[in-house]
Amino acid sequence: MKDKFTILRSTAVPLPAENIDTDQIIPARFLKATTREGFGDNLFRDWRYTPADEPISDFVLNNVSFSGKILVAGKNFGCGSSREHAAWAIYDYGFRVVVSSFFADIFKNNALNNAVLPVVVTDKFLQSLLETLQQNPQTEVIVDLVNQQISFDGKLEKFEINAYKKECLINGYDDIDYLLSLNKEIREFDLAH
Amino acid sequence: MSEQKPKTIFEKIWDAHVVKRAEGYPDALFIDRHYIHEVTSPQAFDGLRKRGIKVFNVNRTTATADHNVPTKDQHLPIKEALSRHQVETLRKNCAAFGVELYDLGHPFQGIVHIIGPELGLTQPGMTMVCGDSHTSTHGAFGSIAFGIGTSEVEQVLATQCILQYKPKTMKIEINGKLGKGVVSKDIILYIISKISASGATGFFVEYTGDAIRSLSMEARMTICNMSIEMGARGGLIAPDETTFNYMKGRKFAPQGAEFDKAVEKWKQLPSDAGAVYDVVLKYDAADIEPMITYGTNPGMGMKVTDRIPTVEELKEINEQVSFKKSLDYMGLEPGSALLGKAVDYVFIGSCTNARIEDLRLVASIVKGKKKANNVEVWVIPGSKQVEEQALKEGLNKVFEEAGFELRSPGCSACLGMNEDKVPPGKYCISTSNRNFEGRQGPRSRTFLASPLSAAVAAITGKVTDVREYI
Ligand code: SF4
């Protein structure tokens, strides 16, 4: 399937807003494509551009000081619609990790299914990371999936990830590969059900 | 053998659908019914093509076109090229893979969460998924129904299963008598305002209590529909006589003796006495009043007669920034009241409140009256069948005389994707389920409320307490 993920060292982009819903990540009017590509251009569209398509200078993605493969966002990231386009947009833009203190369920699954790692940290760690990034955009953040830890500036926190999903990410496996291997059992179940 | 541990309805249904439980893996859960629509399915069908596989069981899959369709002139080709392409792609995919499609113009077409129940495809005890978060609606029948992403749509098309970890369970019990002017939409807006837009994340909710029992199936669907708005994976209500009566005679429901057999089985579903939930919450129906939201997530709701909190009143300091941003977006002052606030649009529609009972409720308020001059009012039936029924009952005349615009079925202005959008900066009182920034169109501003409250606002042109009217 997808890229394999073990360890990532990168600068990061801070986006402190809470309850960022999938309508903000990718507004519905951009969901008309029938492929998975190209959504990155419209990531956070209405925060990033004016209605006349001018970049909004104080939005973080338009600020040249910030870049990197890690997005750091406020609590309850990805709530709202189940649109996987949100995960595709984040991936297509170039992010491989989203750090927050809380993720909505469906988004979390969608991210994991698209080689984007959601890292859940404590509120305190999140605040400190957001502040550090704002003071020093060059801060390197290290996300180590194998050891399940995230660190920056000598601060380190362990994070939880489901063992099965971790396997999938490290090896680039898909859920569907496993389910397809159960074909015979599923057929029998369907008939008996 | 030891005695069986008491189970919740959720556990009963879940356990009956596990095809495989293996150490270190999520459960492979069998899916009885899979609903699909044009927006979240094309990439999934492409995935099947790439792998060279078929749909596992086409009889368990039902498709319709709803999100991206116009609500006017549905007999004409869709004007907007990308939307047309997406609907055409659904047609091609359904034809190529042999999936039943209730396309534009079909008597069964409509919003996916409205047509499933009305056709009797949605049944108690089932597992159901759809690439849409409001799949939780179908839980009203006493079933496990939840929204999924497109990769998961592909999994279900390919294998009729989904890999899932069992969520935690939450019971929300509401007892007592509902007050005047209070309907099921107010109940769910009240609950979400109490526990926040993320308060049930990681949980599957069961709604119980006599206030819930007293509701019709359609009203129950409104409640389950918005479970996702508090972060829950889904919500359900145990089936009872109300459920069975609703099911009886529906097109795809079991018929005759089969139906009676099914009812016997469905009667086994309700949670056993002594079943344990991870969390239990209780509310008194008498405390619930007509509700409205003032902010940009469904948790930002209040009694219509209340005032918006001030920044200082917020419980959590770190919420202040988001709160201010939200009110800025809405163009509202902290501490102010909403009663009397002029609105520009009234949207009566969506999978939350576009069933026939909702339209009847609205008609009961507006009959013989006219809309205020400052508002535009859209009534969008949830399905072709709802539309037909409304015509049969003459509701169209009531709406026409009131100056409301009755259109054809679809998601319409619920999500700002198709042609129906609320213009920038305008206020819309809406019976839908989300008030996110830009949800009803770029920079649109949404007040979520019940069909009753929306109907009254249409007449007065402003946020109004429905109780003064009935
Ligand atoms: S009516 Fe709105 S919430 Fe319901 S399925 Fe359509 S877009 Fe989603």
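The values are calculated or read from the model by the stated rules, or taken from the named source; none is laboratory data. The model shown is predicted, which means the values in this text are computed figures rather than measured ones. Neighbour counts run over all protein chains shown; Cβ positions are idealised from the backbone, glycine included.
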Some residue of segment B:319-330 being closer than 30 Å to B:THR243 by Cα and among the hydrophobic types (A, V, I, L, M, F, W, C) = no
remark   = Of A:ASN76, A:ASN19, the only residue that is within 9 Å of chain B (Cβ to nearest Cβ), under 13 Å from the mean Cα position of the chain (by Cα) and either polar (S, T, N, Q) or surrounded by fewer than 22 Cβ atoms within 10 Å (Cβ to Cβ) (or both) is A:ASN76
request  = Search segment B:400-425 for residues being away from the ligand (no atom under 16 Å from the Cβ) and within 27 Å of B:ALA65 (Cβ to Cβ), and hand back the single one that is surrounded by the most Cβ atoms within 10 Å (Cβ to Cβ).
outcome  = B:PHE404
ask   = Pick from segment A:109-124 the residues that are part of a helix (DSSP H, G or I) and within 17 Å of A:LEU15 (Cβ to Cβ): which of them is farthest from the other protein chains (Cβ to nearest Cβ)?
value = A:ALA111
query = Going by the conditions given, is B:VAL39 in contact (Cβ under 8 Å) with a residue 12 or more places away in the chain and under 21 Å from A:ALA33 (Cβ atoms)?
reply = yes
task = Give the residue, chosen from A:ILE142, A:ILE161, A:ILE150, that is farther than 19 Å from B:ILE162 by Cβ, touching a residue at least 12 places away in the same chain (Cβ under 8 Å) and within 14 Å of another protein chain (Cβ to nearest Cβ).
result = A:ILE161
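Per-residue answers, yes or no, for (1) more than 22 Å from B:GLY147 (Cα to Cα); (2) not in a strand (DSSP E or B):
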| position | (1), (2) |
| --- | --- |
| A:VAL99 | yes, no |
| A:PHE107 | no, yes |
| A:LEU126 | yes, yes |
| A:THR132 | yes, yes |
| A:GLN138 | yes, yes |
| A:LYS166 | yes, yes |
key: Criterion (more than 8 Å from chain A (Cβ to nearest Cβ), in contact (Cβ under 8 Å) with a residue 24 or more places away in the chain, in a helix (DSSP H, G or I) and among the β-branched types (Val, Ile, Thr)) met by exactly one of B:THR169, B:THR137   = B:THR137
query = Say we look at segment A:19-34 and pick out the residues that are under 15 Å from B:GLY231 (Cα atoms) and not in a helix (DSSP H, G or I); which of these is nearest to the ligand (Cβ to nearest atom)?
reply = A:ASP21
request  = Report yes if B:VAL386 is buried (at least 21 other Cβ atoms within 10 Å of the Cβ), more than 24 Å from A:CYS79 (Cβ to Cβ), aliphatic (A, V, I, L, M) and within 14 Å of the ligand (Cβ to nearest atom), otherwise no.
outcome  = yes
query = Are any residues in segment B:207-252 among the polar types (S, T, N, Q) and either over 19 Å from B:LEU452 (Cβ atoms) or more than 16 Å from the ligand (Cβ to nearest atom) (or both), and if so, which ones?
reply = B:THR208, B:SER214, B:SER216, B:SER227, B:THR242, B:THR243, B:ASN245
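Can we say B:PRO117 is in the same structural domain as B:ASP27 (by TED's automatic domain parsing) and in a loop (DSSP other than H, G, I, E, B)?
no
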task = Could you tell me whether segment B:449-467 includes any residue that is within 16 Å of the ligand (Cβ to nearest atom), within 14 Å of chain A (Cβ to nearest Cβ) and at negative phi?
result = no
inquiry  = Consider segment B:78-102. How many of its residues are acidic (Asp, Glu) and more than 14 Å from chain A (Cβ to nearest Cβ)?
reply    = 1
ask   = Just a yes or no: is a residue in segment B:362-384 closer than 14 Å to B:ALA454 by Cα, of a type outside the set (S, T, N, Q), touching a Phe, Trp or Tyr at 6+ places or on another chain (Cβ under 7 Å) and assigned to a loop (DSSP other than H, G, I, E, B)?
value = yes
inquiry  = Looking at B:LYS371, B:LYS324, B:LYS367, B:LYS397, can you tell me which residue is in contact with a strand residue (DSSP E or B) (Cβ under 6 Å, 6 or more places away or on another chain), among the basic types (Lys, Arg), away from the ligand (no atom under 16 Å from the Cβ) and farther than 21 Å from B:PRO70 by Cα?
reply    = B:LYS371
query = What tally of residues in segment B:309-323 results from selecting those that are over 15 Å from A:GLY74 (Cα atoms) and either facing another protein chain (nearest Cβ under 10 Å) or in a helix (DSSP H, G or I) (or both)?
reply = 3
remark   = The one condition A:PRO55 fails out of (1) in contact with a Leu (Cβ under 6 Å, 6 or more places away or on another chain); (2) without any contact (Cβ under 8 Å) to a residue 24 or more places away in the chain is (1)
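Being within 14 Å of chain A (Cβ to nearest Cβ) and at positive phi narrows it down to one residue among B:GLY181, B:GLY105, B:GLY125, B:GLY120; which is it? Let's see the steps before the verdict.
Details: B:GLY181 fails: within 14 Å of chain A (Cβ to nearest Cβ); B:GLY105 fails: within 14 Å of chain A (Cβ to nearest Cβ); B:GLY120 fails: within 14 Å of chain A (Cβ to nearest Cβ).
Result: B:GLY125 is the single residue among B:GLY181, B:GLY105, B:GLY125, B:GLY120 that is within 14 Å of chain A (Cβ to nearest Cβ) and at positive phi.
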